[in-house]
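Heads up: the structure comes next, in structure tokens.
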2 protein chains.
Amino acid sequence: MVKERVTVVDIAHAAGVSKSTVSLVLQGSPLVNEVTRAKVNATIRDLGYVYNRSAANLRQSKSKIIGIVVNDLTNSFFAELAVGVDVMVQQAGFVQFLANTGEKIERQREVVASMREHGVSGLIISPARGTEAADLAPLVESGIPVVLVVRDIADAGVSSLTSDNHAGAMAAVRHLIERGHRRIAFLGGFPDTAVFEARMRGYRDALLEAGLDAAEALVIGSAPSRAGGVTAIEQAMMLSDRPTAALCFNDAVAFGVCDGLRARRLEPGADFAVIGFDDVIEAKTAVPALTTVSVDPQGMGQRAAELLLKQINAGKAQAESIVGSVRLVVRQSCGAAVERRTREALS
Amino acid sequence: MVKERVTVVDIAHAAGVSKSTVSLVLQGSPLVNEVTRAKVNATIRDLGYVYNRSAANLRQSKSKIIGIVVNDLTNSFFAELAVGVDVMVQQAGFVQFLANTGEKIERQREVVASMREHGVSGLIISPARGTEAADLAPLVESGIPVVLVVRDIADAGVSSLTSDNHAGAMAAVRHLIERGHRRIAFLGGFPDTAVFEARMRGYRDALLEAGLDAAEALVIGSAPSRAGGVTAIEQAMMLSDRPTAALCFNDAVAFGVCDGLRARRLEPGADFAVIGFDDVIEAKTAVPALTTVSVDPQGMGQRAAELLLKQINAGKAQAESIVGSVRLVVRQSCGAAVERRTREALS
DNA sequence: ATTCATAATTGGAACGTTCCAAATCCGTCA
DNA sequence: TGACGGATTTGGAACGTTCCAATTATGAAT
């Protein structure tokens, strides 16, 4: 029942060549003669040989594994990011360890350690909230390529790929202003993250630029989830001077805001303008389709993987920080011009 | 710059013991004296030693890796499933390879092969559409534990963990019937999958049981996504004799159906009853909150992992098929009793 | 002091690959 | 025929761990 493992020497023996030759075939070396190659490949198939990467690793101390650790796989933004990475990495003949930290630093420490033990040759990390440069220090010192994605960490000394959150938020808010909105809220997200910080500054700068004042009360943090969006909009609507539009921390929050709006019998896009951030896959098909700042999560995953692979191949590259450009995708959820509140005309 | 790898012999040398002792410490063996253990642990920390699992694997030919391959990570059902697995697996000191096949059999073949090469000690697979027992044969023969999840494959000879789709669908449709609905549709999903088949039979059996006839036209397949839901409901509403309620293939479809309903100015839950399947995390917070058949994806992931781990530890366990029970979670989206169409009274 | 059992430690061999230097093959040219 | 050179092939020594059998230290009992 328990099968003996078939090894290269078994193959070698069966094919009447040496193990070195088999190894050469395995690596696709041009050194081996066409006919022996064919013979070896045939016996490999016949005996059902399975390559043992652990052994190979041990010898050449470079694995074909990259690790990706994300802070919240439940959020479809990160799920899409992960599939983007997967596509790229698979293409390069690598395989990925994926781990989810659920925003827990301790867990993150564990999984990174575990990945190191497994000899990953590079790591893509979307760090858990509150991760500091010091947390990454041992990893960085070991010299294994790391690219931080989504959330950058100052002075960590590694490459990073983020998106232009400030510009994206400004573009969104400008658009809202053009449409006549004056009371614009910024909803959702954890205020202690760099991403929140950047998007919020973009929001604020756009208001200032238009000579509007940025009321403290209009920025309302919450969990960056659908549920968080619901609570944020509820809070916003309790204000004496209610907003008529909102830029949301991300799409999940935006969907939640739409839900919350409906719960009070307001139709998003008609009675209240909402803009998201990320352009998750459902943003397009939702009703109303979500206006959002597109950061193309899947593409971002791919680019992060590319960056990492480049670094792995280069041996030791200089750390580079890329900030990807973003663009506002105008769909229906911001459709409400403030003066056109009499939507009844439409139906 | 390039650090030399620190190995057990380095530790041994520095701590003044033999490499065997260091190995014993690493494995937490009770054989080693308390004071030497402390000394060894100290030098391990001092030298920044990183355990090399490849080498260990090679020697003991059992890794602490399990693989999980899913057919669509973009679908939050599977993302949650993966998180569930992750939790369990991490707890057991394992680490997971995660790969996404995007429903492509060829890709699935590749990733499974790759995982085998990496010496995973078990595999959790949610097979791509159209996977046959033959596709899994080489894997199964190799004797590595496999548990199929979500989608079972007949005669594959491996354990599986599915949910009681038939019973769940029946419960949902019965509920709709009790509320007075007579024209009930079954929307979304690929008709050529076992899961579709089971849910659809449940739907049909419930109708038959109530003496209603199951009109062919009322079951409408589509991609099992939000976008698919939109097209399915559109098609349903073109029917001469429109349905007043629908059981959807999964929650993603159900959300799409809600979107599609709104697009034609119908309020889900008030003007049309919709029930989903899965109980994805957003089902609870959506507006209207989605009535759905709860499958508890995360719990399912955990159970699958447990099953697999049990099998790994047992060496070679009998294949067992578990079908998890499900329950109907009644929330708002099915709120419409057919006779109460005058919802204006509510607001 | 000697013996004995128990506790703690240890030196190799082994795991399956890769890589190097060296060996062999084979056709060609002088 | 013999030497030459490019094309192939090959034996062993690594890689960093674990495991076994065997050794040494420790302390109790005689």
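Rounded, prolate or oblate: which fits the protein assembly as shown when a ≥ b ≥ c are the square roots of the eigenvalues of the alpha-carbon gyration tensor, with rounded for a/c under 1.5 and prolate only if a/b beats b/c?
Judged from the Cα gyration tensor, the protein assembly as shown comes out oblate (a/c at least 1.5, b/c at or above a/b).
Can you give the net charge of the other residues whose Cβ lies under 12 Å from the Cβ of A:Val120, counting K and R as +1 and D and E as -1?
Summing Lys/Arg as +1 and Asp/Glu as -1 gives +3.
With a 1.4 Å probe, what is the total accessible area buried between chains A and B, in Å² rounded to the nearest 100? Please report the intermediate quantities before stating the final value.
On the way: alone 17110 and 17100 Å², together 29640 Å².
Chains A and B together bury approximately 4600 Å².
To the nearest Å, what is the center-to-center distance of segment B:135-171 and segment A:25-42, using C-alpha atoms only?
38 Å
Nm distances between the label at A:Pro191 and the same-position labels in the remaining copies, 7 Å along Cα→Cβ, shortest first?
5.5
List for segment B:107-151: residues with 50 Å² or greater reduction in accessible area, all protein chains versus chain alone, probe 1.4 Å?
Residues passing the criterion (a loss of at least 50 Å², heavy atoms only) are B:Arg107, B:Glu117, B:His118.
Please give the helix B:76-91 orientation as an angle from the longest Cα principal axis of chain B, in degrees from 0 to 90, rounded to the nearest 10.
30 degrees
Return one number: the angle in degrees, 0 to 90 and rounded to the nearest 10, between the long axis of the Cα atoms of helix A:105-117 and the longest principal axis of the Cα atoms of chain A.
Approximately 20 degrees, to the nearest ten.
Which percent of the accessible area of the protein assembly as shown is formed by carbon and sulfur heavy atoms (probe 1.4 angstrom)?
52 percent
Give the average, rounded to an integer, of partner chain Cβ atoms located within 10 angstrom of each Cβ in B:214-227.
Mean number of neighbouring Cβ atoms from other chains: 1.
Loop-only check: which trypsin sites (Lys or Arg not before Pro) in segment A:1-55 are DSSP coil with at most 14 other Cβ within 10 angstrom? Working shown, then result.
Working: sites: A:Lys3, A:Arg5, A:Lys19, A:Arg37, A:Lys39, A:Arg45, A:Arg53; in loops: A:Lys3, A:Arg5.
In loop regions of segment A:1-55 (DSSP not H, G, I, E or B), the sparsely surrounded trypsin sites (Lys or Arg not before Pro) are A:Lys3, A:Arg5.
May I ask you to list the GluC sites (Glu not before Pro) in segment A:1-90 that are in a DSSP loop and have at most 15 other Cβ atoms within 10 Å of their Cβ?
Passing both the DSSP loop test and the Cβ count: A:Glu4.
Residue by residue through A:263-270, how many Cβ atoms from other chains fall within 10 Å of the Cβ on average?
Mean number of neighbouring Cβ atoms from other chains: 1.
Based on alpha-carbon atoms only, what is the radius of gyration of chain A relative to the globular estimate 2.2 N^0.38 Å?
1.27
May I ask you to list the trypsin sites (Lys or Arg not before Pro) in segment B:258-340 that are in a DSSP loop and have at most 16 other Cβ atoms within 10 Å of their Cβ?
Taking segment B:258-340 and a limit of 16 other Cβ atoms within 10 Å, the loop trypsin sites (Lys or Arg not before Pro) found are B:Arg264, B:Arg265, B:Lys316, B:Arg340.
With the solvent-accessible surface defined on protein heavy atoms using a 1.4 Å probe, which residues belonging to segment B:33-52 display a reduction of at least 50 Å² in accessible area in the multichain context relative to the isolated chain?
For segment B:33-52, once contacts with the other chains are taken into account, B:Val50 lose 50 Å² or more.
Average partner chain C-beta neighbours within 10 Å, per residue of A:92-99? Write out the running numbers ahead of the final one.
Working: counts 0, 2, 1, 10, 5, 6, 10, 6.
If you average over the peptide's residues, the count of other-chain Cβ atoms is 5.
Averaged per residue, what accessible surface does chain B expose to a 1.4 Å probe, in Å²?
On the way: 14810 Å² over 347 residues.
The answer is 43 Å² per residue.
Please report, in debye to the nearest 20, how large the charge dipole of chain B is about its Cα centre when each Lys and Arg carries +1 at its beta carbon and each Asp and Glu carries -1 there. Provide the component values of the computation, followed by the final result.
Values: 37 positive and 38 negative charges, 184 e Å.
With only Lys, Arg, Asp and Glu charged at Cβ, the dipole is about 880 debye.
Once the Cα atoms of helix B:194-209 and of chain B are each reduced to a long axis, what angle between those two axes, in degrees from 0 to 90 to the nearest 10, is obtained?
Approximately 30 degrees, to the nearest 10.
Can you give the helix-only mean residue ellipticity at 222 nm for chain A, where every DSSP H stretch with n ≥ 4 adds -39500 (n - 2.57) and the sum goes over all residues, rounded to the nearest 500 deg cm²/dmol?
The helix-only estimate for chain A comes to -13500 deg cm²/dmol at 222 nm.
The values are calculated or read from the model by the stated rules, or taken from the named source; none is laboratory data. Quantities reported herein were computed from a predicted structural model and do not represent experimental measurements. In this analysis, Cβ positions are derived from the backbone assuming ideal geometry, glycine residues included, and neighbour counts consider all displayed protein chains. Protein only, heavy atoms only, side chains kept; ligands, DNA and RNA dropped before computing areas. Shrake-Rupley method; radii C 1.70, N 1.55, O 1.52, S 1.80 Å.
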